[in-house]
Amino acid sequence: MTESYQPETLALRAGGVQSQFHEHSEALFLTSSFTFDSAEQAAKRFIGEEPGNIYSRFTNPTVTMFEERLAALEGAEQCVATSSGMSAILSACMGLLKAGDHVVASQSIFGSTVNLFNNVLKKFGVETTFVSATDVAQWQAAVRPSTKLFFLETPSNPLTEISDIAAISAVAKGCGALLAVDNCFCTPILQRPFEFGADIVIHSATKYIDGQGRVLGGAVLGSKKLMEPVYGFLRTTGPTMSAFNAWIFLKGIETLKLRMEAHSANALQLAHWLESQANVARVFYPGLPSHPQHALAMKQQKTGGGIVAFEVKGGKAAAWRVIDNTKLLSITANLGDTKTTITHPATTTHARISPEARAAAGIGDGLIRIAVGLEAVVDIQNDLARGL
Ligand SMILES: *Cc1c(COP(=O)(O)O)cnc(C)c1O
């Protein structure tokens with residue numbers, strides 16, 4: 001579908017396939033394989049001489065609709081859908097890297113992504129150097145002749161640090177490396193990394209793309225040339241998105257713009273309120289003028305997004321008191337849900353890293369992360385005020 005349509009239109013109309021029944025809502029093709037008219041057609045499909053579906057580990061029409069819709073929104077030539085956000089990152093790395101290659105990654109990335117680089121890829125001869133999300137000079141200094149990939153996530157989790165995609169992309173281009181951006185927190189509604197020079201965009205569709213906390217999925221997006229080996233890895237090894245999950249995501253995307261705007265408006269209001277609370281030492285939210293990279297955030301993203309973190313005075317005991325006194329918010333590590341979730345990063349999502357590394361990353365014992373949902377903000381405030 002052409003790029004001349006606005007995002008909210010693409011979210012509804014891009015990537016449609018209609019069957020002979022002329023259904024209006026996208027169909028769910030729950031089938032593992034597809035049949036052929038003849039032995040000759042089967043042969044042509046298998047050697048790639050004729051386009052068409054063969055087997056759902058390779059392609060499936062519902063998954064293809066999801067891929068085309070997300071590609072239209074990100075402005076990408078191609079999208080490869082995967083079974084989770086982690087398998088999207090794995091597929092991108094396995095497709096594009098080989099033993100002996102070097103990766104430079106932001107130290108403020110998702111915990112499982114750190115483990116993937118440190119524990120999984122390392123076994124296969126791919127080394128990773130972790131650098132500051134915000135200090136571009138560190139990215140340049142970490143470059144080696146073997147550097148093939150830069151990897152970052154912006155805003156970061158949970159401190160909402162903003163990486164300058166354009167500046168880091170310039171460093172990557174200077175050394176012939178690719179830049180991959182995990183766009184999970186913003187979605188293409190708030191941030192389009194390709195416009196700032198990214199080569200690859202990664203999604204955990206589990207979060208805002210579903211938006212209602214139902215299923216896991218992921219995606220890798222980029223040029224046809226870059227996606228060819230990524231798809232090749234997926235087709236052979238099988239971390240494919242299920243048709244059912246693709247169908248859930250297709251429906252989720254239809255309301256993505258409305259939801260991202262509502263999440264952002266609620267988060268901004270909550271962040272202002274938190275800043276006015278006596279027992280809150282500091283609030284981390286890119287939409288607040290007090291955020292150290294507020295200006296960059298407002299240039300790169302449309303809004304501050306839906307994630308707010310704050311430091312409670314009194315350390316872990318005080319943070320747990322706030323969490324345990326909530327009656328409405330869900331105590332869970334997931335994010336991007338219509339329901340507000342609350343997490344204590346130091347003892348959950350970031351518990352497996354050393355206290356020293358945690359302190360260096362700025363994740364204090366009093367830190368709380370809220371993924372602001374779509375409830376009335378006053379109800380969220382009252383729920384937090386009890387423990388504060
Ligand atoms: C959740 C998350 C992932 C991993 O996605 P899964 O779908 O849980 O595998 C990767 N990156 C970010 C930023 C995330 O929040």
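Annotations
- Of all residues in the range 337-351 being within 15 Å of the ligand (Cβ to nearest atom) and not in a helix (DSSP H, G or I), the one that is surrounded by the fewest Cβ atoms within 10 Å (Cβ to Cβ): Thr348
- So Val63, is it within 15 Å of the ligand (Cβ to nearest atom), in contact with a helix residue (DSSP H, G or I) (Cβ under 7 Å, 6 or more places away or on another chain) and not aromatic (Phe, Trp, Tyr): no
- Matching option when the condition is touching a Leu at 6+ places or on another chain (Cβ under 9 Å), of a type outside the set (D, E, K, R), outside any helix (DSSP H, G or I) and more than 11 Å from the ligand (Cβ to nearest atom), among Ala81, Ala71: Ala81
- Taking each residue of the range 206-222 that is acidic (Asp, Glu) and looking for partners that are within 12 Å of the ligand (Cβ to nearest atom) with beta-carbon atoms closer than 7 Å, six or more apart or interchain, yields Asp210/Phe249.
- Number of positions in the range 208-249 that are open to solvent by 10 Å² or more (accessible area, probe 1.4 Å), under 18 Å from Leu149 (Cα atoms) and either small (Gly, Ala, Ser) or within 11 Å of the ligand (Cβ to nearest atom) (or both): 1
Yes/no per residue for (1) within 16 Å of the ligand (Cβ to nearest atom); (2) under 13 Å from Cys93 (Cα atoms); (3) in contact with a Phe, Trp or Tyr (Cβ under 9 Å, 6 or more places away or on another chain):
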{"residue": "Gly111", "(1), (2), (3)": "yes, no, no"}
{"residue": "Asn115", "(1), (2), (3)": "yes, no, no"}
{"residue": "Phe124", "(1), (2), (3)": "no, yes, no"}
{"residue": "Glu127", "(1), (2), (3)": "no, yes, yes"}
{"residue": "Thr134", "(1), (2), (3)": "no, no, no"}
{"residue": "Trp139", "(1), (2), (3)": "no, no, yes"}
{"residue": "Leu149", "(1), (2), (3)": "yes, yes, no"}
{"residue": "Glu153", "(1), (2), (3)": "yes, no, yes"}
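One line per residue, one yes/no per condition, for (1) farther than 24 Å from Leu367 by Cα; (2) β-branched (Val, Ile, Thr); (3) touching a Cys at 6+ places or on another chain (Cβ under 7 Å); (4) assigned to a helix (DSSP H, G or I):
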residue: Glu228; (1), (2), (3), (4): yes, no, no, yes
residue: Tyr231; (1), (2), (3), (4): yes, no, no, yes
residue: Ile248; (1), (2), (3), (4): yes, yes, no, yes
residue: Arg282; (1), (2), (3), (4): no, no, no, no
residue: His291; (1), (2), (3), (4): no, no, no, no
residue: Ala297; (1), (2), (3), (4): no, no, no, yes
residue: Ala318; (1), (2), (3), (4): no, no, no, yes
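- Flag if Ile202 is open to solvent by less than 20 Å² (accessible area, probe 1.4 Å) and within 12 Å of the ligand (Cβ to nearest atom): yes
- The set of residues in the range 168-183 being under 26 Å from Met260 (Cα atoms) and open to solvent by 10 Å² or more (accessible area, probe 1.4 Å) consists of Asp182 alone.
- If the condition is being open to solvent by less than 100 Å² (accessible area, probe 1.4 Å) and among the charged types (D, E, K, R), then the range 22-56 contributes Glu23, Glu26, Lys44, Arg45, Glu50.
- Answer from Thr64, Thr128, Thr59 - the residue that is at pLDDT 95 or above, within 26 Å of Ile363 (Cα to Cα), of a type outside the set (A, V, I, L, M, F, W, C) and open to solvent by 10 Å² or more (accessible area, probe 1.4 Å): Thr128
- Residue that is nearest to Ile368 (Cα to Cα), among those in the range 298-336 that are within 16 Å of the ligand (Cβ to nearest atom), modelled with pLDDT of 95 or more and of a type in the set (A, V, I, L, M, F, W, C): Ala309
The values are calculated or read from the model by the stated rules, or taken from the named source; none is laboratory data. For clarity, every value in this text was computed on a predicted model and none was experimentally measured. Please note: Cβ atoms are built from the backbone with ideal geometry, for glycine as well, and neighbour counts cover all protein chains shown. Areas reflect the complete protein model, heavy atoms only, side chains present, ligands, DNA and RNA absent. Shrake-Rupley method; radii C 1.70, N 1.55, O 1.52, S 1.80 Å.
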